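First the structure, in the form of C-alpha cells, and then the observations on it.
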Amino acid sequence: MTLGLIGKMLQSFIVGNLLIGLLISAVSIAAFGLLHVPFFYFVGFLSGFLSLVPYLGVVLAMVPPVLVGFGQLESSSLLVVVLCVIGMHLLALNVLYPKLLGGRLRINPLAVTIALLFWGTIWGAVGLVLAIPITGAIKIIFDHVDSMKPYADWLGE
C-alpha cells in the first residue's frame, strides 16, 4: 500500500515537472515572440525546459535565445531577453515549483523549499532533482507510522 502511494507520488512529480516546463515554455514563446527573437517557437520551448535544470538552468535557458538573437537583435533587446529569462526562472523555481509540485504532492510549499535547500546542500544538483520525491516518500512513510504522524502533518498542507 505504501509503495503504491509512493509510485503515485512519483507520477505526480513527473507530471508536475512537465506542467511547469510547458508553462514556462508558453510564457517564453510569448515573450520571445513579442521581442522578435528569431525562431521564437523553438527557442521558447527549449529555453522553458532548460530552465528546470538544477543550478545551471538559468544559464542554459539563456543560451538559445541569446545565440539566435545575436546579430539579429539590438543589444538592448538582448538585455531584455536575458532579463525575461532570469525573471521567468526565478518565478518558476521560487513560486510555481513549490506551489504546483507541493500542491500536487500534498506537501507544504515551505517544506518543499526547505527540502530543496537541504538536499541541494547535501547532494548538489542531484539533491535538487531528488529533493521533492524523497520528501514526498518520507511524508507517505510518516503518514503510516503513528509516532511520526505529527511530522507528516507538518509536511502536509
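The values are calculated or read from the model by the stated rules, or taken from the named source; none is laboratory data. Model, not experiment: these values are computed from the prediction. Heads up, the Cβs are rebuilt from the backbone with ideal geometry, glycines too, and the neighbour counts pull from every protein chain shown.
Here is how the numbers come out for the structure above:
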| read-out | value |
| --- | --- |
| Residues being within 28 Å of Arg104 (Cα to Cα) and crowded, with 18+ Cβ neighbours inside 10 Å - total across segment 28-42 | 3 |
| Top-ranked residue of segment 128-154 - restricted to ones that are touching a residue at least 60 places away in the same chain (Cβ under 8 Å) and closer than 19 Å to Tyr55 by Cα, ranked as surrounded by the most Cβ atoms within 10 Å (Cβ to Cβ) | Ile132 |
| Candidates Ile114, Ile132, Ile141, filtered to the one that is over 19 Å from Gly16 (Cβ atoms) and either in contact with a Lys or Arg (Cβ under 8 Å, 6 or more places away or on another chain) or among the aliphatic types (A, V, I, L, M) (or both) | Ile141 |
| Members of segment 27-46 found to be assigned to a loop (DSSP other than H, G, I, E, B) and in contact with a Gly (Cβ under 6 Å, 6 or more places away or on another chain), listed by number | Val37 |
| Test: His144 is closer than 28 Å to Ser47 by Cα and in contact with a helix residue (DSSP H, G or I) (Cβ under 8 Å, 6 or more places away or on another chain) | no |
| Residue match in segment 16-27 (condition: out of contact with any Phe, Trp or Tyr (no Cβ under 7 Å at 6 or more places or on another chain), within 30 Å of Ala131 (Cα to Cα), buried (at least 19 other Cβ atoms within 10 Å of the Cβ) and modelled with pLDDT under 90) | yes |
| One residue from Ser47, Ser51 being modelled with pLDDT of 90 or more and closer than 13 Å to Ile86 by Cα | Ser47 |
| Near pairs, Cβ below 7 angstrom, 6+ apart or cross-chain, from segment 57-69 (without any contact (Cβ under 8 Å) to a residue 40 or more places away in the chain) to any residue that is surrounded by fewer than 21 Cβ atoms within 10 Å (Cβ to Cβ) and not in a helix (DSSP H, G or I) | Leu60/Val53; Val68/Pro38; Val68/Phe39; Gly69/Pro38 |
| Scope segment 127-157; condition part of a helix (DSSP H, G or I), out of contact with any Leu (no Cβ under 6 Å at 6 or more places or on another chain) and of a type in the set (Val, Ile, Thr); matching residues | Val129, Ile134, Thr135, Ile138, Ile141 |
| Residue in segment 137-156 that is under 17 Å from the mean Cα position of the chain (by Cα) and either at pLDDT 90 or above or aromatic (Phe, Trp, Tyr) (or both) present | no |
| Helices (runs of 4 or more DSSP H) wholly inside segment 47-126 containing at least 2 residues that are surrounded by 20 or more Cβ atoms within 10 Å (Cβ to Cβ), on the phi < 0 side of the Ramachandran plot and of a type in the set (Gly, Ala, Ser) | 57-69, 109-123 |
